[in-house]
Amino acid sequence: MAGRYDRNPYDDEEDVNPFANDGGVPPTSNLGLSPLPPEPADFHATVDIPLNTEKDLKRREKELQAREAELDKREKELKRREEAAARAGIIIEEKNWPPFFPIIHHDVANEIPVHLQRLQYYAFASLLGLAGSLFWNIIAVTAAWIEGEGVKIWLLSIIYFISGVPGAYILWYRPLYHAMRTDSALNYGRFFLFYLLHLGFVIYSAVAPPIIFEGKSLAGILPAIDILSEHAIIAGIFYFIGFGLFTVESLLSIWVIQQVYIYFRGSGKATEMKREATHSVMRAAISSNI
């Protein structure tokens, strides 16, 4: 029989304190691990970050100064040319219209006197109206071509458009624009000469008789009636729309030339134009005699 004070079989044979340090042996020795050697603290360690040296900074500074000097030189040269052109009476125009694809210079708000801006805008509407009428004319003539009218009238409609719109801008719109901007009597005279031709063309196109031009190459009232009589309903409708556009363009053109003429006579430009024309003839006569 076991003794009264026998040991508990579940007790450890030895009461070992894991934190005890016998004989100076580190506690980690019980786990079979050796301590890591201490690393010396280096408070002067450097980080390898690439930095521009002073030499590179000076080189870049010199490059920037050279570019700045070049830009200043170009700006002064451009200013000198603009001043020389202004003294010679040459106006440098920057293309700015239409905004999405600039092909012409047009700045009525900043270049035309306030009392003439409304009239200038109506003249510009007349130019755009001509472009729209001739473009629709191509559509109407294309419909007639499909109905069997022949390719000749279609080719003529293309020629009217690609020659009529740029021609109108160069021959009468630009002279009017310059006349109102610089108050030039000779430019007014040029405008009247070519705008009368424009007015005659749009009135002729609204009627489109089968003379001079190929009759059905213009969407006027007479070709519209003729095509409807041939039972080409769609082409006939297109021609009637073209007749309406040319009619509106004719009425607008009549109003524009009337208003420009009223201003021209009221401002005394007619007398000035006669005087300038007389001086031009005299200079030409003197030059021929010399």
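Every number in this text was worked out from the coordinates using simple rules, so none of it is lab data. All of these numbers come straight from a predicted model, not from anything done at the bench. Cβ coordinates were reconstructed from backbone atoms using ideal geometry, including for glycine residues, and neighbour counts include every protein chain displayed.
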Quiz item: How high is the FRET efficiency from Leu196 to Glu70, r the C-beta distance, R0 51 Å, rounded to 0.05?
Solution: 0.45
Quiz prompt | Under the Debye formula (equal points on every Cα, no solvent term), log10 I(q)/I(0) of the range 131-267 at q = 0.10, 0.12 Å⁻¹ | solution = -0.37, -0.50
